[in-house]
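The values are calculated or read from the model by the stated rules, or taken from the named source; none is laboratory data. All of these numbers come straight from a predicted model, not from anything done at the bench. In this analysis, Cβ positions are derived from the backbone assuming ideal geometry, glycine residues included, and neighbour counts consider all displayed protein chains. Only protein heavy atoms, including side chains, enter the accessible area calculation; ligands, DNA and RNA are left aside. Shrake-Rupley method; radii C 1.70, N 1.55, O 1.52, S 1.80 Å.
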Amino acid sequence: MAREKFSQIYARAAERKGGVGVLESMLATPLSAEQLKQIGDDRWLAAFTQKVFQSGISWQVVRNKWPNFEEVFFGFDIEKMLLMPSEMWERKATEPAIIRHLGKVMTIPDNAQMIHEAALEHGSFAAMVADWPQDDITGLWRYLKKHGKRLGGNTGPYTLRIMGKDTFILSRDVEAYLRQTGIIDDGRDTQKSLKAAQTAFSDWQQESGRAMCQISQIIAFSSGDNRV
């Protein structure tokens, strides 16, 4: 099956959403590399932690509790996270002010270690993310899954998107479109599927000049159950 041109996808999304103006108002804008590099590594750890806790739990519940997380975990200061002994982590996991879940709490020191090691090599975790090439964004996903804890699936990519890194997302609607059009025909997280998705998004980016996050959103808006 021939790959659909992005202009066709865009036209369908605009029609479904009520016009070009409405569609454009719904699209995210990623940060520049220089803007990304200004983000402190503590904020990356906080963002990963929040997304880990939101997995399987109401996002709003986590947001409502988040000021307590910031207080209990010392603002996610990387050095402090790395110095805390295991018994202190176990105590922290029982704090009534946060959502008590030992397994998710224990991702914090592991992900702090990942961020620390990246900072040693690149100057900061943010610098590594900012300089990661767009034509291998799925490689960054694999890095998070391999070196982090509970950052596989869409957890890592969604965190990158929230923090401003330009990335597409294999959401339910995007994955369904890629399958319907024959771009992927294997497990979603297999090397074959990720490579095929990366190639398609890179081609659409060259065709349109748009950010990958916008291409991803437009594809989702062009199909699925999100018609206005």
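For residue 94, indicate whether it is in contact (Cβ under 8 Å) with a residue 12 or more places away in the chain, surrounded by fewer than 12 Cβ atoms within 10 Å (Cβ to Cβ) and either part of a loop (DSSP other than H, G, I, E, B) or among the basic types (Lys, Arg) (or both). No.
Report the residue count in the range 102-127 for those that are closer than 23 Å to residue 166 by Cα, open to solvent by 10 Å² or more (accessible area, probe 1.4 Å) and either free of Cβ contacts under 8 Å to residues at least 40 places away in the same chain or part of a helix (DSSP H, G or I) (or both). First the steps, then the outcome.
First pass over the range 102-127, keeping only residues closer than 23 Å to residue 166 by Cα: 111-112, 114-119, 121-127.
Remaining after also requiring open to solvent by 10 Å² or more (accessible area, probe 1.4 Å): 116-117, 119, 121-124, 127.
Adding the requirement that they be either free of Cβ contacts under 8 Å to residues at least 40 places away in the same chain or part of a helix (DSSP H, G or I) (or both) leaves 116-117, 119, 121-123, 127.
Summing the residues that are closer than 23 Å to residue 166 by Cα, open to solvent by 10 Å² or more (accessible area, probe 1.4 Å) and either free of Cβ contacts under 8 Å to residues at least 40 places away in the same chain or part of a helix (DSSP H, G or I) (or both) in the range 102-127 gives 7.
Return yes or no: is residue 169 surrounded by 15 or more Cβ atoms within 10 Å (Cβ to Cβ), touching a residue at least 24 places away in the same chain (Cβ under 8 Å) and assigned to a loop (DSSP other than H, G, I, E, B)? Against the criterion (surrounded by 15 or more Cβ atoms within 10 Å (Cβ to Cβ), touching a residue at least 24 places away in the same chain (Cβ under 8 Å) and assigned to a loop (DSSP other than H, G, I, E, B)), residue 169 qualifies.
Put simply, of 6, 48, 53 the only residue that is closer than 22 Å to residue 119 by Cβ, modelled with pLDDT of 95 or more and not aliphatic (A, V, I, L, M) is 48. Taking residue 178 as the residue in question, decide whether it is modelled with pLDDT of 95 or more and within 18 Å of the chain's Cα centre (by Cα). So residue 178 does not fit the description; no. Residues in the range 206-228 that are open to solvent by 50 Å² or more (accessible area, probe 1.4 Å) and either part of a helix (DSSP H, G or I) or acidic (Asp, Glu) (or both): 206, 207, 225.
Quick one: in the range 1-27, which of the residues that are outside any helix (DSSP H, G or I) and open to solvent by 30 Å² or more (accessible area, probe 1.4 Å) is farthest from residue 199 (Cα to Cα)?
Filtering the range 1-27 for residues that are outside any helix (DSSP H, G or I) and open to solvent by 30 Å² or more (accessible area, probe 1.4 Å), the one farthest from residue 199 (Cα to Cα) comes out as 18.
Scoring residue 184 on the criteria (1) open to solvent by 50 Å² or more (accessible area, probe 1.4 Å); (2) more than 19 Å from the chain's Cα centre (by Cα) leaves a single failure, condition (1).
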